[in-house]
Amino acid sequence: MNPSYDAIVIGAGVMGASIAYNLSQRGLRVLILERQSIAVGATGASSGLVRMHYDVEVDSALAWESFHFFKNWRERIGGECGFTRTGFLQIVSPDKNEQLRGNVTMQQRLGILTELVTATEVKKIAPMFKTDDFELAAYEPESGYADPTSATNSFITTAKACGSVLIQDCEVIEIRVNRGKVIGVDSSRGAFDAPIVVNCAGTFADRIGRMVDVEIPLDTWSHDVAFVKRPSKVGMHPTVIDDVLSMYFRTEGELTLIGLEDYNRMGEPLESDLGRVDPEFVMRAIDRICERVDGMEAGSLHSTHVGRDGLTPDQRAIIDQAGPDGFYVACGFSGTGFKLSPAVGVCMSELILDGSAKFVNISSLNLNRFARGELIQGEHSYGHIWK
Ligand SMILES: Cc1cc2nc3c(=O)[nH]c(=O)nc-3n(C[C@H](O)[C@H](O)[C@H](O)COP(=O)(O)OP(=O)(O)OC[C@H]3O[C@@H](n4cnc5c(N)ncnc54)[C@H](O)[C@@H]3O)c2cc1C
């Protein structure tokens with residue numbers, strides 16, 4: 001007899017953790033299998049931005065529902081998520097002012113705390129910013145960033161307190177199916193039985209899908225991040241996505257974290273070493289932060305790291321049932337999934353236990369859209385996030 005559970009979640013990144021937590025809250029005994037260790041994948045490298053500004057409504061809705069968890073993490077999940085309110089600015093180039101207006105209107109309709117601000121108002125919010133190359137921005141006064149590893153740990157700690165089990169250093173190598181229904185998995189630590197298997201394997205989700213003949217169109221997205229020591233005269237600044245300079249940045253204590261929207265490496269082999277950041281990236285990141293923030297020339301490079309996430313053709317997630325009965329997929333979060341993770345967990349638990357998600361309508365994030373050629377695009381699209 002193999003050890004038996006109500007559900008098996010593959011992957012202990014923030015998505016697997018959130019889904020396991022939510023299933024355990026609904027009374028299921030969940031087994032989480034992780035080939036390495038908690039948050040070793042995209043989650044552990046994540047920049048942790050928590051904001052609601054997107055050009056696709058389902059992303060804004062998932063981010064908004066998740067935001068309530070980030071703000072009240074200890075009461076709702078237990079433990080810590082490191083949420084830090086900094087305020088968030090989405091700066092766009094003037095040719096995207098109309099899209100910005102449309103997206104802020106869409107977000108306000110969802111109840112999101114966001115407003116349009118002029119460059120002059122941005123200067124009041126962040127006096128250290130140079131504001132002569134844009135006209136408008138969106139401002140979310142309550143947004144900021146959180147700590148993905150702490151969030152993952154607290155989801156798993158609470159799931160374990162409800163009877164769920166985590167096994168690390170345990171790679172799923174096969175999914176067992178009988179008469180069109182999932183019955184369990186084979187792993188590097190033996191076989192486990194469950195009628196539900198959730199694929200949260202991040203960049204490896206395509207490999208897991210193929211075990212049950214489910215094709216998941218997933219590429220890898222490798223992303224460099226730099227931390228710069230901020231000169232003290234610059235002071236604390238908001239979290240920003242800066243479309244003009246293709247950059248995002250936020251504070252981390254006395255440091256500023258910087259990532260770029262362009263020059264990301266797509267399609268690196270799954271098993272390849274993440275290695276070091278591209279030296280050209282460091283030069284670009286420093287040049288751009290100096291272009292936006294007065295006084296940053298006196299800063300110094302502190303550290304860098306690289307992370308990798310699964311990227312879909314439309315750079316939007318896949319949250320769906322697919323293949324044999326009992327097989328579910330939550331992957332392809334395309335470099336923006338952390339802030340969505342609390343709501344994704346609720347939605348997946350509803351999809352599994354109630355047949356559809358009510359918390360947020362995630363039907364557009366279905367897997368078949370790729371085969372049908374119906375890629376997701378916002379009504380007021382900014383184009384692809386990552387170039
Ligand atoms: C550098 C970087 C910066 C980012 N910045 C942000 C940000 O600012 N804001 C934001 O919202 N999002 C951000 N993201 C995106 C976000 O971090 C990811 O979308 C999210 O963490 C994905 O979580 P996940 O659980 O799906 O994947 P992962 O964290 O990659 O977890 C998947 C897990 O599955 C395990 N696994 C794989 N195969 C198997 C197997 N066969 N058996 C068992 N286990 C297996 C892996 O070891 C891994 O631990 C960023 C991502 C990166 C890389």
*Exactly one of (1) more than 14 Å from the ligand (Cβ to nearest atom); (2) over 26 Å from the mean Cα position of the chain (by Cα) is unmet by GLU174. Its number?*
(1)
*Could you tell me which of the residues ALA7, ALA12 is more than 15 Å from GLY337 (Cα to Cα) and surrounded by 24 or more Cβ atoms within 10 Å (Cβ to Cβ)?*
ALA7
_Candidate set from segment 333-387 (those that are without any contact (Cβ under 8 Å) to a residue 12 or more places away in the chain and among the hydroxyl-bearing types (Ser, Thr, Tyr)); member that is least open to solvent (accessible area, probe 1.4 Å)_ = SER356
_Pairs, first of a type in the set (S, T, N, Q) in segment 1-25, second in a helix (DSSP H, G or I) and open to solvent by 10 Å² or more (accessible area, probe 1.4 Å), C-beta under 6 Å, six or more apart_ = ASN22/VAL346
_So, PHE155, is that one open to solvent by less than 30 Å² (accessible area, probe 1.4 Å), assigned to a strand (DSSP E or B) and either out of contact with any strand residue (DSSP E or B) (no Cβ under 7 Å at 6 or more places or on another chain) or more than 10 Å from the ligand (Cβ to nearest atom) (or both) or not?_
no
*Does segment 270-300 hold any residues that are more than 26 Å from ASP132 (Cβ to Cβ) and either at pLDDT below 95 or surrounded by 14 or more Cβ atoms within 10 Å (Cβ to Cβ) (or both), and which are they?*
LEU270, GLU271, SER272, ASP273, LEU274, GLY275, ARG276, VAL277, ASP278, PRO279
_Condition (residue is farther than 25 Å from PRO141 by Cβ and within 20 Å of the chain's Cα centre (by Cα)) applied to segment 277-286: is it met by at least one residue?_
no
*crowded, with 19+ Cβ neighbours inside 10 Å, more than 15 Å from PHE69 (Cα to Cα) and not hydroxyl-bearing (Ser, Thr, Tyr) - does that describe any residue in segment 141-150?*
no
*How many of the residues making up segment 206-239 are of a type outside the set (A, V, I, L, M, F, W, C), open to solvent by 30 Å² or more (accessible area, probe 1.4 Å) and more than 22 Å from ASN366 (Cβ to Cβ)?*
3
*If THR304 passes every condition in (1) open to solvent by less than 20 Å² (accessible area, probe 1.4 Å); (2) within 16 Å of the ligand (Cβ to nearest atom) but one, which one does it miss?*
(1)
_Among (1) touching a residue at least 12 places away in the same chain (Cβ under 8 Å); (2) farther than 30 Å from LYS124 by Cα, there is one condition GLY295 misses while meeting the rest; what is its number?_
(2)
*When the residues of segment 1-26 are filtered to those that are part of a helix (DSSP H, G or I) and within 22 Å of MET211 (Cβ to Cβ), which remaining residue is farthest from the chain's Cα centre (by Cα)?*
LEU23
*helices (runs of 4 or more DSSP H) lying entirely in segment 40-140 (those with 2 or more residues that are open to solvent by less than 10 Å² (accessible area, probe 1.4 Å))*: 57-71, 97-109
*asked:* farther than 20 Å from GLY78 by Cα, aromatic (Phe, Trp, Tyr) and away from the ligand (no atom under 14 Å from the Cβ): is that true of TYR5 in this structure?
replied: yes
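A quick yes/no check of all residues on (1) over 22 Å from PHE249 (Cα atoms); (2) within 10 Å of the ligand (Cβ to nearest atom):
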site: ILE10; (1), (2): yes, yes
site: GLN25; (1), (2): yes, no
site: HIS53; (1), (2): no, no
site: GLU65; (1), (2): yes, no
*Tally of residues being among the hydroxyl-bearing types (Ser, Thr, Tyr) and closer than 22 Å to GLN90 by Cα across segment 207-260*: 5
*For segment 181-189, does any single residue satisfy the condition of being more than 16 Å from the ligand (Cβ to nearest atom), more than 22 Å from the chain's Cα centre (by Cα) and open to solvent by 40 Å² or more (accessible area, probe 1.4 Å)?*
yes
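The values are calculated or read from the model by the stated rules, or taken from the named source; none is laboratory data. Just so we're clear, the structure is a prediction, and the values are computed from it rather than from any experiment. Backbone-built Cβ (ideal geometry, glycine too); neighbour counts: all protein chains shown. When the accessible area is computed, the model is the full protein with side chains, heavy atoms only, and any ligands, DNA or RNA have been set aside. Shrake-Rupley method; radii C 1.70, N 1.55, O 1.52, S 1.80 Å.
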